[in-house]
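**Q** I have a structure I would like to understand better, so I am pasting it below and will then ask my questions one at a time.
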Amino acid sequence: MDVSKLAGLNFQTQEELTEALKKLFVEDIDEYVRQCGEDKNFPFNPEILWVCLTDCIEAAGNFGQDYFFQDLWAAREIYRSNVKHVYDIGSRIDGFIAHLLAMEVNVTMLDIRPLPQKIEGLNFIQTDAMRMDNIADNSMETISALCSFEHFGLGRYSDPIDYDGWKKALHAVKRKMKVGGTFYLSVPVGPKNKVAFNAHRVFNPVTIAAEMLPEVTLHDFSYIADWKINTCLNGDIEMTDLDSVAKTLPEIKNYGVTGLFTFKKHTVTPPVCLIIVLKFILCLIYLKAVLKLEKFYMISYRLQATSYRLIATS
């Protein structure tokens, strides 16, 4: 449709614009019929119309920035990690999961709703992400959840109302993650917590990060705004630094910007192990002094050697 004919016109209502587009549509029909003439390959048939009026006035590649950039972010991170299997909780099949399948990464998708289609490379487990009772603890190495946790417990996707649904889902992820595992999460973020019932919650990022402590820690935080990914923090992130970033986030009435979190699950650190070993050795010394155990030195030596090996492998 020749939208140049609309130049200079001031439409007061959507109805006025629609009527103008309909006139252009009819003009295009007349021109198509004229060019078709007697050709029988693609003749105009008024019984099989599929009317598209507004595509001509939209920008090229019309898409939303949040889903586009979050899907690219997570897919790139997983590509760089070289993992070949990802557990995903509620992300878009036609976006992020499609990216992973194109990279020949196998995906196990978790959702409370059924998935009737069978797709090569995509496994499916129907489960409530607030519990994940049918998945073994410490079994998931790489987990992703893009714009899904903010919905849990609000009833929007047939899940039961649960005020702490988001929190229960985070705790379930902590239980199911392997030590050394990675969790990629995106949720709406802003300077304060709020709920736009029954669509979603908006989180202060500190609320999310603090709930994962101590065994799962935040390693990267970014957010999407102005058609780009804004990297804020990475490495060993302190809650005070994250709180400072949270205060600068835009305040939007019933939404926020999309926050991007990368979490890692850790073993007990060597300093903590050392403290445990030292306490254990002190107990052995006490036993020697009080109970005068025969063969104490041999027992103590073997136990200490075992303890030091544990430290070395932590």
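Every read-out reported here was derived from the displayed coordinates using simple, explicitly stated rules and does not represent laboratory data. Treat the numbers as computed from the prediction; the structure is a model and nothing was measured. Glycine gets a Cβ as well: all are built from the backbone with ideal geometry, and neighbour counts include every protein chain shown.
**Q** What is region 65-265 by shape, rounded, prolate or oblate, if you read a ≥ b ≥ c off the alpha carbon gyration tensor as root eigenvalues and call it rounded for a/c under 1.5, prolate for a/b larger than b/c, and oblate otherwise? Walk me through the intermediate numbers first.
**A** Numbers: a/c = 1.38, a/b = 1.25, b/c = 1.11.
Rounded, since a/c falls under 1.5.
**Q** Another question, if that's okay. I'd like the trypsin sites (Lys or Arg not before Pro) in region 93-190 restricted to DSSP loop residues with at most 16 other Cβ atoms within 10 Å, sorted by number.
**A** Details: sites: K118, R131, R156, K167, K168, K174, R175, K176, K178; in loops: K118, R131, R156.
Sparse-neighbourhood loop trypsin sites (Lys or Arg not before Pro): K118, R131, R156.
**Q** Given a cut-off of 20 Å, name the pairs among K178/K264; K174/K264; K168/K265; K167/K247; K176/K265; K167/K264 whose C-alpha atoms lie farther apart than that in the structure shown.
**A** Details: K178/K264 10 Å; K174/K264 10 Å; K168/K265 17 Å; K167/K247 22 Å; K176/K265 11 Å; K167/K264 17 Å.
Beyond 20 Å: K167/K247.
**Q** Then there is this: Please find the FRET efficiency linking I125 to C52, where r is the Cβ-Cβ separation and R0 is fixed at 41 Å, and quote it to the nearest 0.05. Intermediate results must be reported in sequence, preceding the final value.
**A** Details: r = 39 Å, r/R0 = 0.94.
Approximately 0.60, to the nearest 0.05.
**Q** To continue, here is another question. Do any GluC sites (Glu not before Pro) in region 1-66 lie in a DSSP loop with no more than 11 other beta carbon atoms within 10 Å, and if so, which?
**A** Values: sites: E15, E16, E19, E27, E31, E38, E47, E58; in loops: E38, E58.
Sparse-neighbourhood loop GluC sites (Glu not before Pro): E38, E58.
**Q** Within the P(r) computed for region 33-88, what percentage of the Cα pairs occupies the region above 15 Å?
**A** Details: 1118 of 1540 pairs.
In whole percent, the share of Cα-Cα pairs in region 33-88 beyond 15 Å is 73.
**Q** Region 2-29 to region 46-86: how many Å between their Cα centroids?
**A** 28 Å
**Q** Give the dimensionless ratio obtained when the Cα radius of gyration of region 171-276 is divided by 2.2 N^0.38 Å.
**A** On the way: Rg = 15.0 Å, N = 106, 2.2 N^0.38 = 12.9 Å.
Expressed relative to 2.2 N^0.38 Å, the Cα Rg reads 1.16.
**Q** Which of the trypsin sites (Lys or Arg not before Pro) found in region 1-70 are loop residues per DSSP with 16 or fewer other Cβ atoms within 10 Å of their Cβ?
**A** Values: sites: K5, K22, K23, R34, K40; in loops: K40.
Passing sites in region 1-70 are K40.
**Q** If you don't mind, another one. Spin-label point model (7 Å from Cα, Cβ direction): what's the N193 to D241 distance in nm?
**A** In this crude label model, N193 to D241 measures out at 2.4 nm.
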